1. Tell me whether the range 118-137 contains one or more residues that are closer than 28 Å to PHE9 by Cβ, more than 13 Å from the chain's Cα centre (by Cα) and assigned to a strand (DSSP E or B).
2. I'd like to verify a number: residues in the range 138-155 that are surrounded by 12 or more Cβ atoms within 10 Å (Cβ to Cβ) and not in a strand (DSSP E or B), how many?
3. Just name the residue that is surrounded by the most Cβ atoms within 10 Å (Cβ to Cβ) out of those in the range 95-108 that are of a type in the set (Val, Ile, Thr) and touching a Phe, Trp or Tyr at 6+ places or on another chain (Cβ under 7 Å).
4. Looking only at the range 77-97, decide whether some residue is among the aliphatic types (A, V, I, L, M), touching a residue at least 12 places away in the same chain (Cβ under 8 Å) and touching a Ser or Thr at 6+ places or on another chain (Cβ under 7 Å).
5. For the list (1) at pLDDT 95 or above; (2) among the basic types (Lys, Arg); (3) surrounded by fewer than 13 Cβ atoms within 10 Å (Cβ to Cβ), I need the number of the one condition that LYS52 fails.
6. Looking at the range 70-77, can you tell me whether even one residue there is touching a strand residue (DSSP E or B) at 6+ places or on another chain (Cβ under 9 Å), over 27 Å from ASP38 (Cβ atoms) and at pLDDT 90 or above?
Amino acid sequence: MVRTEISLFLKNVPGELGKLALLLGKENINIDALTIQDASSYVRELFNARGKSLKRIASTASYNSMRKDSADFALIRLLVNETDKAIDLLSKHEYIFDIMPVIAVHLDNTPGELAKITSKLGQEGININYVYGTVAGPKEKCLFIFCPEDIDIAAKVFEE
């Protein structure tokens, strides 16, 4: 249920994801889930969140500079079957990464399943920072990854 997600920035050029996947594959580390987004959109989200918070994270000029620089990178979030081994491997190859606890759940592939889970989180007052998921086929279970604001409370909701 609660798993460790690895987030890292890759250069936004052809072949970089292939290099990462090959590196993990050579060590028999399987990628269970993966999402990629343009890093500049991530920085833009930080800037927008700054306006909703009482804290000022950085100046507008800093964010504009970060957004320009971040267009050269993609933000990769992934779950792997051997997190500790992957972390050691990424460190050894000088990748810059972070880890975060997330909730990984298998849902029935039927209409309304995602609505049940997300509605339950909403009723408990738990905000979802981001979510990604996939399904292998119409009769297969879906794998969804949730990053809630409060992992401990959210984990209890998923246990119910």
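The values are calculated or read from the model by the stated rules, or taken from the named source; none is laboratory data. These numbers come from a predicted model, not from an experiment. Ideal geometry is used to build each Cβ from the backbone, glycine not excepted, and the neighbour counts take in all protein chains shown.
1. Yes: one or more hits.
2. 8
3. So the residue we want is VAL102.
4. Scanning the range 77-97 turns up no residue that is among the aliphatic types (A, V, I, L, M), touching a residue at least 12 places away in the same chain (Cβ under 8 Å) and touching a Ser or Thr at 6+ places or on another chain (Cβ under 7 Å).
5. With respect to (1) at pLDDT 95 or above; (2) among the basic types (Lys, Arg); (3) surrounded by fewer than 13 Cβ atoms within 10 Å (Cβ to Cβ), LYS52 is out only on (1).
6. no
Rundown of residues vs (1) polar (S, T, N, Q); (2) modelled with pLDDT of 85 or more; (3) farther than 21 Å from ALA136 by Cα; (4) crowded, with 18+ Cβ neighbours inside 10 Å, yes/no style:
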site: ILE6; (1), (2), (3), (4): no, yes, yes, yes
site: GLU27; (1), (2), (3), (4): no, yes, yes, no
site: THR83; (1), (2), (3), (4): yes, yes, yes, no
site: ILE87; (1), (2), (3), (4): no, yes, yes, no
site: HIS93; (1), (2), (3), (4): no, yes, yes, no
